[in-house]
Amino acid sequence: MERYLNNTMDEKERASFEGQLKENPGLKKQLEEVQILIEGVETAALQGRMDDFHEALAQEGPEVKKQHNGFRKYTIAASIAVLIGLASFWILTSEQPNDRLFAKYFVPDPGLPTTMGTDANYAFYEAMVSYKRANYAVAIAQWSGLLEEKPANDTLNYFIGVAHLANSDAEKAMSYLNALSEQPNSVFADEAFYYLGLAHLKAGDLEAAKAYFNKSQTERAWAIMTELND
């Protein structure tokens, strides 16, 4: 990361690293944290050199001090920059590990093919189009009307739950995804357990998150459990 920020990578390695940044939001966030840290350290080093300068200046006469009044303003500005930089770094690094893991592993389900073949399914697939466009609130509203007629429908409960999670509402996501926990034979069961784990992770309930990840047979669940157990 330091070599990337300092532009010391060759073109091939830089292209490879930038590809990883696009695919991994967690890595991108770590890069931003490293950049803040480096800037904070560099600014602190500058402040140290300015302190040495002022110590020498204190030994000079009043006329010389007057000439450097303008420079003193930059010292104050540098001090503020140090505080802001270090404060930003600590805010980012003090973020809960659960939040970082959620950001790294949460990707909304890609959805079903929107083949609007019959009038009976038109409303469902119309909502699916909204979902794929990340208009989650619209999709939820459209699917909720259908769910009133079929409250046990696993497809509707699954996609409404994922849409709520994509819309940053973990509690509501749980209420719909939990309906699938009672349908172990559903084609959405493993994915529902995975998203339930993420919902509990986002809500800060680590033990419940692990329990659901262990129930899921998806590779993503195994990957996040590996990180949680490290």
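The values are calculated or read from the model by the stated rules, or taken from the named source; none is laboratory data. From a predicted model like this one, the values you see are computed outputs, not experimental measurements. Note that we place each Cβ from the backbone using ideal geometry, even for glycine, and neighbour counts take in every protein chain shown. Remember, those area values only see protein heavy atoms, side chains included, never the ligands or the DNA or RNA. Shrake-Rupley method; radii C 1.70, N 1.55, O 1.52, S 1.80 Å.
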Kindly indicate the residue of segment 102-138 that is out of contact with any helix residue (DSSP H, G or I) (no Cβ under 7 Å at 6 or more places or on another chain) and of a type in the set (Gly, Ala, Ser) and also most open to solvent (accessible area, probe 1.4 Å) among those meeting that condition. Ala120
Enumeration of residues in segment 180-225 that are closer than 21 Å to Pro151 by Cα and open to solvent by 40 Å² or more (accessible area, probe 1.4 Å): Ser181, Glu182, Gln183, Pro184, Asn185, Val187, Asp190, Glu191
Condition met for Leu177 (assigned to a helix (DSSP H, G or I), surrounded by 15 or more Cβ atoms within 10 Å (Cβ to Cβ) and without any contact (Cβ under 8 Å) to a residue 24 or more places away in the chain): yes
Within segment 94-133, residues farther than 20 Å from Asp169 by Cβ, part of a helix (DSSP H, G or I) and at pLDDT 75 or above come out as Asn121, Tyr122, Ala123, Phe124, Tyr125, Glu126, Val129
For Ala141, are the conditions met, namely being open to solvent by 30 Å² or more (accessible area, probe 1.4 Å), under 26 Å from the mean Cα position of the chain (by Cα) and farther than 22 Å from Asp205 by Cα? yes
Residues that are at pLDDT below 75, polar (S, T, N, Q) and open to solvent by less than 70 Å² (accessible area, probe 1.4 Å): does segment 29-51 have at least one? yes
Given the condition hydrophobic (A, V, I, L, M, F, W, C), within 25 Å of Asp99 (Cβ to Cβ) and free of Cβ contacts under 8 Å to residues at least 12 places away in the same chain, answer yes or no: does some residue in segment 218-229 qualify? yes
Subset of segment 1-26 that is at pLDDT below 85, closer than 27 Å to Phe102 by Cα and of a type in the set (A, V, I, L, M, F, W, C) - its residue that is farthest from the chain's Cα centre (by Cα): Leu5
